[in-house]
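Asker: Below is a structure I'd like to ask you about.
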Amino acid sequence: MSRREIVMQEIRRAIVRGDLPPGKKLTENSLATDLGVSRPTVREAMAQLVNEGFLTQEPYRGIYVDSLSTEQMLDTAKVRMTLDLLAIDLILDDESGNRLSRLHNEFKTYERSVQSDDPLVRHEAHIEFHRQVWEIAENDLLIKYWPITEAQITLQLATDQRLASDLSRDVEVHRQLVDAIESRDDNAIRAALDAHTMGSVDALIATLQ
């Protein structure tokens, strides 16, 4: 892993932990000192995170941790619904059943990992499960879109974990989603995905208001 990638990873982790909350201004000098790297390395890392949507750059003001508005969260959820449904269709199109089996195994891995007392481990387990749904679908465009999607999910989850974390709820909503996919019932899949994606966003928005 390059120094730039290490800096990116540390910034992502700080966002998840809440050490860098939405709207927090970042400076090259402080990050370079804290992480023991050069300013050019920090500059490259921040530029990449701006491209991925973790950070936002405002002319003449600097770089900040991105803040998700209600509209952004709802828009992201709607796009995720469409792309997740595409991934699920591709998983179910596999007549061998290998993709569906891999999905089942990924859920079991998530279910074990998310029991950790460390919020960062729980967050990474959650993110990895959803990344694997797209990975298992074996669609190149989905994989290319993932970094931007991950940024939006991370910012939302970081806020959710800080304000309204409910481990039992999280595990159950994912279990219901996997069960619906394994049933191959289109209506059940859409209902479970709506409860997971739109339901989670609606609950978070209600908490923020």
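Asker: Mind pulling the angle between the C-alpha long axis of helix 70-93 and the longest principal axis of the chain? Nearest 10 degrees, somewhere in 0 to 90.
Answerer: 50 degrees
Asker: How long, wide and thick is the range 4-57, going by the Cα atoms along their three principal axes, in whole angstroms, largest first?
Answerer: In descending order, the Cα extents are 24, 21, 17 Å.
Asker: If you don't mind, there's one more thing I want to ask. Among the GluC sites (Glu not before Pro) in the range 1-100, which ones are in a DSSP loop with at most 12 other Cβ atoms within 10 Å of the Cβ? Mind listing them?
Answerer: Working: sites: Glu5, Glu10, Glu28, Glu44, Glu52, Glu71, Glu95; in loops: Glu95.
Counting only loop positions with at most 12 other Cβ atoms within 10 Å, the GluC sites (Glu not before Pro) in the range 1-100 are Glu95.
Asker: Which order do Tyr110, Tyr64 fall in if you start with the one that has the fewest other Cβ atoms within 10 Å? All intermediate terms of the calculation are to be shown ahead of the outcome.
Answerer: On the way: Tyr110 23, Tyr64 17.
Ranked by crowding around the Cβ, least crowded first: Tyr64, Tyr110.
Asker: Select from Val173, Val65, Val121 the residue whose mean-square fluctuation is largest in a Gaussian network model of the chain (Cα-Cα springs shorter than 10 Å).
Answerer: Val121
Asker: Through the Karplus equation 6.51 cos²θ - 1.76 cosθ + 1.60, θ set to phi - 60°, convert the phi angles of the range 31-45 into ³J(HN,Hα) values in whole Hz; use x for Gly and Pro.
Answerer: 5, 4, 5, 5, 9, x, 10, 7, 4, x, 5, 4, 4, 5, 5
Asker: Okay, next question. For Ser2 and Lys108, FRET efficiency with R0 = 25 Å and r from the beta-carbon atoms, rounded to 0.05? Before the final figure, lay out the partial values.
Answerer: Values: r = 33 Å, r/R0 = 1.31.
My answer for the efficiency is 0.15.
Asker: Using the Cα centre as the reference, give the magnitude of the dipole from point charges on the C-beta atoms of the range 3-65 (Lys, Arg: +1; Asp, Glu: -1; all else neutral), rounded to the nearest 20 debye. Please report the intermediate quantities before stating the final value.
Answerer: On the way: 10 positive and 8 negative charges, 13 e Å.
Value, rounded to 20: 60 debye.
Asker: Work out the length of the dipole vector of the range 86-149 about its Cα centre, built from +1 on the beta-carbon of each Lys and Arg and -1 on the beta-carbon of each Asp and Glu, and round it to the nearest 20 debye.
Answerer: Working: 7 positive and 13 negative charges, 28 e Å.
Result for the range 86-149 is approximately 140 debye, rounded to the nearest 20.
Asker: How far is it, in nm, from the label point at Arg190 to the one at Ala203 when both lie 7 Å from their Cα along the line to the Cβ?
Answerer: 2.3 nm
A short reminder: the numbers here are calculations on the coordinates, not readings from a lab. Everything quoted here is computed from the prediction, not taken from an experiment. A quick note on method: Cβ atoms are made from the backbone with ideal geometry, for glycine too, and the neighbour counts reach across all protein chains shown.
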